[in-house]
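What follows draws every value from the coordinates through simple rules; no lab data is involved. Please read all numbers here as calculations on a predicted model, not as lab measurements. Reconstructed Cβ throughout: ideal geometry from the backbone, glycine too, with neighbour counts over all protein chains shown.
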């Protein structure tokens, strides 16, 4: 029995040691790339009787390590769902860092217009040890040329301490209504080789489909020197933040109550992130004044001070992302009118909930200690 | 897997002479210009003696090239570019296997006729045909009071149809798994087919010329490109193409196809000489002074050397070393035929966005370091690319006079009126393989010269 006891103790020690040592055992790196749901198919004429079909979309590296040679296979289907052809293409961005997305474009000539649908057949990729090279997009702007084709132009700078050659610019265009990818443009910076701190202009354009001027876009720069363990992903976000939910409390304040305004502001996964949010409000016809909103648990909050009875307060939210894209909501602004103190509800819902919580806690304490007390 | 070749552009040498950006440009552009200037290359083909009744009016020249630069209005009048017919095609390349690096091509894809800021070859080619507005603030800085001018085109009233069939000029054909390609036979064929459709449609009553300052070292063995050329010629389109810049290695295609009017390059002995030097044009003297900055103009504003008339001109003409010679062994089964020569050694014109400059479209405020409202750069470029538009433009003036001329009639007139260039050699001051210096160029017989240097006055007279 003693031996069994010692063995049991040993097992317990080993078990504890295993648990304690777990954090220092290297975890196996995850390598996973997934399709995002924002893909789309667009038919576009070449000219005359010729017609092409384009499938645009994005994949995202949801793993822990960079991947390259990410290859998407699309099967084009006819009206009965039968496959017509399958085409594989690499994503436009060669190396996809963890968490990042990469667009793809797959085109097929279909002058007979047999293609009505598509499906994704395969997604392959290879883990890589690519390292980022420091490129910076100094400016970026999109425009339609006189032929109605979308361009993105700007300036890119090599801020690394070594040369970068064939800096590629990749622009992904999104439908601002539904977020779907509706075009991809790829081209190279004007300079073939960028020395350290050197800048280059670029002007890339969408081919195949005509992207509307209302499309939002994201531009990424990449040096082909990732093959020698250099790689760059620099994001320029042209998508404004989305102010999805605004609430204020109390809804109908009296002259002694301040109003707390909460706003939920989000950015798409590919975008740069929310930088600051401002509450603009005005009392009657006075000019708008601003209050910087504070971030609290993914919500942005600001407080409007108590106002005189009978006045109308209008307010709206303004949000900027890290690329200075601006969103305003709502238009026209929200408003509330300050009421007489006696007509205002005695407690706001928050106070009511707080009182209820206090009552429950006190009741619990009383129940627990009733024997001692009585 | 479709067989396709990467197409190399003809221009081989590009040097920066000057660049410009000046806000004052807008005040006179297209409104008034006191002086318009001919150039050494126009003088060389006797443009000054062509009946100015025929300037290329109502003739369309489709420049199949890199498109036109986004700021083309800095250089051309709006009426000279037929944007309503502008079009682009390209065919992206894709890697099939990263190990074998096998490449396949996607479908020919439509795109804009506007090139990127890195693709100004087509703009330069177009400028030779219709001329361009020129202002050079560096000249002012050097004390040269040259007012803003218009540099004459060979056929100033032609309408250019920009057809972009080549992608970025200065990038290799293929750059990475996602792929980009410079140009393919199929994209060029699509461009030719498109122009043919215009000729058969809205431009049925107008003469239409295809000018291709492009070429590759192999013919399209699928026959698609040659068939498109044949269809264009059958529809009444005149097809002109560069002989290529491979020198003794041979001509490039599509210029080498016998049915195409192919163009080699010549230079002029005195192109870089300083007139008025005590040694005169017979002495070896290169000017670094004012003349250097305005060397390509032929006007009374500054001293210049007049180009001699035929037959004395033959003593001053050399065949560029890069100009493609007929080589019947270059690709067996595909004979080569060189037709005529035109000036192509160094031709000045708009060339914004050359490496070293970030040329931002003028309508995009505050872009890049060139923030002038209308920036613009000019460069001199050499190649059969530059010779080709001279021939296309002369053909346009012929066709204005006689719209019934077909491909073979135009070719026959250009050849019969050309100035024969005998075999020879010449030592000239030039920007060659070792920089500025004295170079001796030699050339043989008709395989290098074709029927000789075109003479515009005689060709238009004979049309």
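Between residue A:285 and residue A:196, the modelled labels are 6.3 nm apart [label points 7 Å from Cα along Cα→Cβ].
Cα centroids of segment B:420-463 and segment A:149-218: 43 Å apart. The simple spin-label model puts a point 7 Å past each Cα toward its Cβ; for residue A:6 and residue A:86 those points are separated by 6.3 nm. Counting Cβ atoms of other protein chains within 10 Å of each residue's Cβ and taking the mean over peptide A:202-212 gives 6.
Shielding by partners for peptide A:106-115, expressed as the average number of C-beta atoms from other protein chains within 10 Å of each residue's C-beta, is 2. With a Förster radius of 45 Å applied to the C-beta separation of residue A:301 and residue A:136, the computed FRET efficiency comes to 0.85. When each of the peptides B:159-167, B:37-45 is scored by the mean number of other C-beta atoms lying within 10 Å of its residues, the order from highest to lowest reads B:159-167, B:37-45. Remark: the Cα gyration tensor places segment A:135-237 in the prolate category, a/c being 1.5 or greater and a/b exceeding b/c. Relative contact order for segment A:135-237: 32 percent, from Cα pairs under 8 Å spaced at least 6 residues apart, divided by residue count.
The distance between label points at residue B:84 and residue A:62 comes to 5.3 nm (points 7 Å beyond Cα on the Cα→Cβ vector).
Taking the average, over residues, of other Cβ atoms within 10 Å as the packing measure, peptides B:209-219, A:89-99 rank B:209-219, A:89-99 from highest down.
A Förster distance of 45 Å, applied to the separation of the beta-carbon atoms of residue A:322 and residue A:78, puts the FRET efficiency at 0.50. Per-residue mean of foreign Cβ neighbours for A:91-99 is 1 (Cβ atoms of other chains, 10 Å radius). Highest mean packing comes first when the peptides A:141-150, A:107-116, B:250-259 are listed by Cβ atoms within 10 Å, giving B:250-259, A:141-150, A:107-116.
I need the calculated FRET efficiency for the pair residue B:97 and residue B:431, taking r as the beta carbon distance and R₀ as 56 Å, to the nearest 0.05. After rounding to 0.05, the efficiency reads 0.85.
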